[in-house]
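The values are calculated or read from the model by the stated rules, or taken from the named source; none is laboratory data. This is a predicted model, so every value here is computed, not measured. Here Cβ is always computed from backbone atoms with ideal geometry, including for glycine, and neighbour counts include all displayed protein chains. Heads up: the accessible areas ignore ligands, DNA and RNA and are worked out on the full protein's heavy atoms, side chains in. Shrake-Rupley method; radii C 1.70, N 1.55, O 1.52, S 1.80 Å.
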Amino acid sequence: MLTPIIIIGGILSGFFTPTEAAVIASLYALFLGFLYKDISLKDCPVFWQSIKQTVSLLFIISAAGFFGWLTIHQKIRIRSFSP
């Protein structure tokens, strides 16, 4: 019963945007599932696969960001060769 209050109250008070409210509500529902023992970690194989793929993607994004910063910091210019 607290989920609508968290969503609407958070949005109207300005604590978070609607997208952030959806994340907060889903984390709250996941927390309640574990609290009432309706969900266990063995029941969520898709959850672990999603975490693995998200971590892989974030690693690629962070490596690209670091490479971009490094090229700017070292003033590396890429020359295009035209025939």
With R₀ set to 30 angstrom, the calculated FRET efficiency between the beta-carbons of I60 and E20, to the nearest 0.05, is 0.80
Rounded to the nearest 10 Å², the 1.4 Å probe accessible area of F59 is 140
Cα-based Debye curve of segment 21-67 sampled at q = 0.24, 0.26, 0.31 Å⁻¹ gives log₁₀ I(q)/I(0) of -0.90, -0.94, -1.03
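Checking understanding here: applying a Kyte-Doolittle mean of at least -0.5 and a length along the axis of at least 30 Å (C-alpha), which whole DSSP H helices in the chain pass?
On the way: long enough: 45-73 (42 Å, 1.05).
Span-like helices in the chain: 45-73.
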Can you give me the orientation-averaged projected area of the convex hull built on the Cα atoms of the chain, in nm²? 10.4
